[in-house]
1. Looking at GLN4, is it modelled with pLDDT under 70 and either over 30 Å from ASN140 (Cβ atoms) or under 19 Å from the mean Cα position of the chain (by Cα) (or both)?
2. I'd like the full set of residues that are of a type in the set (Asp, Glu), part of a strand (DSSP E or B) and at pLDDT below 85, limited to region 42-81.
3. Can you find even one residue in region 19-41 that is at pLDDT 85 or above, in contact with a strand residue (DSSP E or B) (Cβ under 8 Å, 6 or more places away or on another chain) and of a type outside the set (A, V, I, L, M)?
4. From the set of residues in region 82-111 that are over 30 Å from ASN163 (Cβ atoms) and of a type in the set (Asp, Glu), which is modelled with the highest pLDDT?
5. Just for region 404-441: of the residues that are among the β-branched types (Val, Ile, Thr) and surrounded by fewer than 20 Cβ atoms within 10 Å (Cβ to Cβ), which one is farthest from ARG182 (Cα to Cα)?
6. Just to check your reading of the model, which residue among SER346, SER308 is modelled with pLDDT of 95 or more, farther than 16 Å from SER410 by Cα and among the polar types (S, T, N, Q)?
7. Could you run through region 302-359 and say how many residues are in contact with a helix residue (DSSP H, G or I) (Cβ under 9 Å, 6 or more places away or on another chain) and among the charged types (D, E, K, R)?
Amino acid sequence: MMHQSHKGFITIVTLVLVVFVAACGGGGGGGGSVAGGGIGGTGVTSGTVSGFGSVFVNGIEFETDGASRDVDDVTDISNGSDDDQVLGIGMVVTIIGTVNDDGVSGTADSIEYDDDIEGPVAAAPVEDQDMVSKTFEIFNTIVVVGRDATVFAATDYDNLAQNDLLEVSGYFDVDGKLLATRVEKKGDLEFGISKVEIKGEVSGFDGIDTFMLSGITITFDGTTVFEDLAGDTVKNGQFVEVEGTLDTPTSIAASRIELEEEGFGDDVDQISIEGIVTDFNDISSFKVAGLPVNASSATFEPAALEASIADGDKVEVEGTIADGILKAKEVEQRGGDARVSAVVDSKNSTAGTITLQVVPGQFLTVRTDSQTQIEDKLNEEEPFGVSEIDAGDFLNVEGFVDGNGNFIVSQIERDELGDIELRGPVDKPPTDGSTSAGTVSILGISIATDDSTGFEDVFEDPMSGTDFFDQVSDGDLVKYTDFNEEGLPANGIADEVEFED
């Protein structure tokens, strides 16, 4: 059974309601209606950190002077300039605070971050055939990282290895896999020394000092600190977080055990939450980050999302919680199937747009917004935003195409020069041709193919160009790659064209 844990949210929700009632009783203040894609008023905002200079979460810029911070169960009070010292891009955090009427700015009263798991990589990570994601296990939890979709600290995608001690933050999908938004290396595995963290449901408690958690044996003694657990012990069925020392690959000596509250409470006046769709039945019955959602009265962005939303989609949902169900006012797509890796031709910092040269003489303009997560993997410059991007920079960009055909960016990484890639829906016509020559049109970019182009089906099996062009339909998801290797620079002729699932 998969659990979504939200530490201390009963206390958090109580604070929200007290503050909200006080604000209403005072006859004024910062309440407001939804605007600019953000919630108005006092409430809960849960999502990934996308920037600093204050803290950006779910498209809202929170001023944090004087806000309390609970980072990995360590409480710290500091001014806003220290946020990037205690937090990191890609961390999934929860903020309690006031959102202004503009919906894109606010003030944080508290910020909480708690990683999902911390422990050693059990075996060498396995990479997919496209070389864009890797899968590995930590304490029987399957973790998935993306070359361009995960933020890495003190390590990187290529250097992940068995016995790396990693702290992971992210979202669980419908299969219980942890889709990592941030991975930080804490060291190398040393039995009897390495500090680890794990969450799960207590089982097999012997009534004395030993129980099981996600297949891992947990032991405790008189030095173990218990939090919110009666009698300084545990019971089967409780959902807890354990911190301790890894004694063997499957046993932890607990230094601290805390009861984890699940959910956000039965009633919350304003909430914005980012996560993965699971348990989808229809738009009136699904979950995001484990929270039941009814979106039957919501608006969707893009509008086509209402008909296509399904398990595995990454979304942001805004609304209120009543009787334990999030009554959605707005559901917005995050992440997405559109991707481009190319060199910057120009930018417009005011408009938040970046123009990339995908093939010689053809350009794709992408649009950022307040929720776009921007990271500098090249020089590790911080803070880093559109204004710091320069012509000639190589970017990896991920997002989605809205109902007006705009490429809306969820994530940008500046990196060293790599292969030119474009992934998106094809236009047919003009996509047409044969093995000897043809044209693939993706997002309005016309890409030439010839008899040296390799074609693959959705299962990554080779196919002829003639079969590809015979089978391709308007709107099919297709990826184009132009290798950019030393001595063999990208030339605008596709080296690979693949159907994508």
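1. Numbers: modelled with pLDDT under 70: yes; either over 30 Å from ASN140 (Cβ atoms) or under 19 Å from the mean Cα position of the chain (by Cα) (or both): yes.
Taking the combined requirement at face value, the residue satisfies it.
2. ASP76
3. At the first step, the residues of region 19-41 found to be at pLDDT 85 or above are none.
Checked region 19-41: no residue is at pLDDT 85 or above, in contact with a strand residue (DSSP E or B) (Cβ under 8 Å, 6 or more places away or on another chain) and of a type outside the set (A, V, I, L, M).
4. Here the residue is ASP109.
5. Only one residue tops the list, namely THR435.
6. Details: SER308 fails: modelled with pLDDT of 95 or more.
The conditions single out SER346.
7. 3
Results for (1) under 25 Å from TYR157 (Cα atoms); (2) surrounded by 14 or more Cβ atoms within 10 Å (Cβ to Cβ), shown as yes or no for each residue.
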{"position": "LEU178", "(1), (2)": "yes, yes"}
{"position": "GLU190", "(1), (2)": "yes, no"}
{"position": "ILE193", "(1), (2)": "no, no"}
{"position": "GLU197", "(1), (2)": "yes, yes"}
{"position": "ILE208", "(1), (2)": "no, no"}
{"position": "ILE218", "(1), (2)": "no, yes"}
{"position": "GLU241", "(1), (2)": "no, yes"}
{"position": "ILE252", "(1), (2)": "no, yes"}
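The values are calculated or read from the model by the stated rules, or taken from the named source; none is laboratory data. None of these values were measured; they are calculated from a predicted model. Quick reminder, even Gly has a Cβ in these numbers, built from the backbone with ideal geometry, and neighbours come from all protein chains shown.
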